[in-house]
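The values are calculated or read from the model by the stated rules, or taken from the named source; none is laboratory data. A quick note: this is a predicted structure, and the numbers were derived from the prediction, not measured. Positions of Cβ are backbone-derived with ideal geometry, glycine not excepted, and every protein chain shown enters the neighbour counts. Ligands, DNA and RNA are stripped out before the accessible areas are found, and what is left, the full protein with its side chains, is counted by its heavy atoms. Shrake-Rupley method; radii C 1.70, N 1.55, O 1.52, S 1.80 Å.
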Amino acid sequence: MEAGMNLLHDAGIWATHQLQVHFQGAQDWFLFISFAADLRNTFFVLFPVWFHFCRPVGIRLIWVAVIGDWLNLVFKWILFGERPYWWVHETDYYSNASAPHIQQFPLTCETGPGSPSGHAMGAAGVYYVMVTALLSIAAGEQQAKTFKYWVLWIVLWTGFWAVQVCVCLSRVFIAAHFPHQVIAGVISGMAVAETFQHIRSIYSASLRRYLAVTAFLLGFALGFYVLLWVLGVDLLWTLAKARRWCARPEWVHLDTTPFASLLRNLGTLLGLGLALHARAPAAGCQGPPPQPLTFRLGCAAASLLVLHLFDAFKPPAHAQLLFYLLSFCKSAAVPLATVGLVPYCLSQLLDPQGKKDV
């Protein structure tokens, strides 16, 4: 088993080395792709736009992103996946030969286990939701599949796979993941997104359901961590490796730790539940729009601006407990602002007498 994994990891190191040697000029592009594929952009950019133009898709984006990233965390804790930037230094596989030189970048030093890739899994799930949503809208209520529909189908799915290839190459290029880890991430992300295509209850979930799901996800993760800790298994074994082998200490960020991502995701899900039930629900894509197009455009633009300001706030990393707490609150504020605060403030500006129902 170990010999087989060594061969797989060696092939991954070779792939990373070849990409870095032959595509050095594309370094900025690969770094941008890794940045753009972060789930943060789903919450801060894609969700506000989709929610104000197609409420069900916005809700599904959050559920797919949160549940997918939670599953990614559990998989990582189970699979104990290595990362190229530390494996190449610790393995004895190259005992009789020099190990290939692997360059590191500011986005290389992720602190969690490597398998499956969270970026690849998140990008696959999120873009799968958007592609299928656009095709469903194009087909209409009758789901008519005309020639134009099939042209759009080819364009969208070609774009989808182009994005996935770019994300996978990016993660391998910066030595954050081995190729088999990004492939596993893409497959897992699509599976999560396809599953949520058939779960209709998320669109009418009560606040109690949001609270229950959030509590379950947190309780399961903490319980799993404590159980293995009692059994002598340290699920944070990767932190020491990241700090030891990262080329520059400042590239190791607290917000890449497993518990940081867990609390960010749970904060977002809970915030969505609170926001949806703090005001009367509006109509979705189907049927008459709840507000004029100009109002929804204004809501989307204002939400992006407000969330950009939110994102500028960085919780202090010197105190871990405070960092996790503020990250949770910051994430909860994203859907609260998008769904409740921005539409309310905009409606008050446009109709101070409060005659319009928002």
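How much solvent-accessible surface does F32 expose, in Å² to the nearest 10, with a 1.4 Å probe and all protein chains in place?
F32 exposes around 110 Å² with every protein chain in place.
Rounded to the nearest whole Å², what accessible area per residue is found for the chain with the 1.4 Å probe? The partial results should precede the final answer.
Details: 17470 Å² over 358 residues.
The answer is 49 Å² per residue.
Evaluate region 139-286: find the radius of gyration of its Cα atoms, find its Kirkwood radius, and give the ratio Rg to Rh.
On the way: Rg = 20.6 Å, Rh = 19.7 Å.
Across region 139-286, the Cα-based Rg/Rh ratio is 1.05.
With charges set only on the Cβ (+1 for Lys and Arg, -1 for Asp and Glu), what does the dipole of the chain come to about its Cα centre, in debye to the nearest 20?
On the way: 22 positive and 17 negative charges, 216 e Å.
Computed about the Cα centre, the dipole is about 1040 debye.
What's the ranking of 131-143, 299-311 by average number of surrounding C-beta atoms within 10 Å, highest first?
Working: 131-143: 14.6, 299-311: 17.0.
Ranking the peptides 131-143, 299-311 by packing returns 299-311, 131-143.
Go through 82-95, 101-114 and give me the packing order, highest mean Cβ count within 10 Å leading. Present the calculation step by step, with values, prior to reporting the outcome.
Values: 82-95: 18.4, 101-114: 20.7.
Taking the mean over residues of other Cβ atoms within 10 Å, the ranking is 101-114, 82-95.
Using the Cα atoms of region 1-126, I'd like the radius of gyration and the largest Cα-Cα distance, Dmax, both in angstrom.
That works out to 17.5, 60 Å for Rg and Dmax.
Specify which residue in the list W87, L231, V213 is farthest towards the positive end of the charge dipole of the chain, using unit charges on the beta carbon of Lys, Arg (+1) and Asp, Glu (-1), about the Cα centre.
The listed residue farthest towards the positive side: V213.
Determine the order of M190, M5, M130 by accessible area, beginning with the largest, at a probe radius of 1.4 Å.
Values: M190 45, M5 65, M130 25 Å².
Descending order: M5, M190, M130.
Relative to the longest principal axis of the C-alpha atoms of the chain, give the angle of the C-alpha long axis of helix 293-312, reported between 0 and 90° and rounded to the nearest 10°.
Approximately 40 degrees, to the nearest ten.
Which peptide among 259-265, 319-325 comes first, and what is the full order, when sorted by highest mean count of other Cβ atoms within 10 Å? Numbers along the way, then the final one.
Numbers: 259-265: 22.1, 319-325: 14.0.
Result, highest mean Cβ count within 10 Å first: 259-265, 319-325.
Round to the nearest 10 and give me the degree value, 0 to 90, for the angle of helix 55-79's Cα axis relative to the longest principal axis of the chain.
20 degrees
What number, rounded to the nearest 500 deg cm²/dmol, is the helix-based mean residue ellipticity at 222 nm of the chain, given -39500 (n - 2.57) per DSSP H run of at least four residues and division by all its residues? Walk me through the numbers on the way to the answer.
Numbers: 14 runs with 234 residues, N = 358.
Calculated from helices alone, the mean residue ellipticity at 222 nm is -22000 deg cm²/dmol.
Only Cα pairs within less than 10 Å get springs; with that Gaussian network setup on the chain, which residue of L228, L31, L217 has the largest fluctuation?
L228
Applying the Karplus parametrisation 6.51 cos²θ - 1.76 cosθ + 1.60 with θ = phi - 60° to the phi angles of region 218-227, what ³J(HN,Hα) value in whole Hz is obtained for each residue in order, glycine and proline being reported as x?
Going residue by residue, I get 5, x, 5, 5, 5, x, 5, 5, 5, 4 Hz, with x marking Gly and Pro.
Please state the relative contact order of the chain as a whole percent: Cα pairs under 8 Å, 6+ residues apart?
Working: 448 pairs, mean separation 86.6, N = 358.
24 percent.
Which of Q164, Q348, Q27 ends up with the largest GNM mean-square fluctuation for the chain, with Cα atoms connected below 10 Å?
Comparing Q164, Q348, Q27 in the GNM, the peak value goes to Q348.
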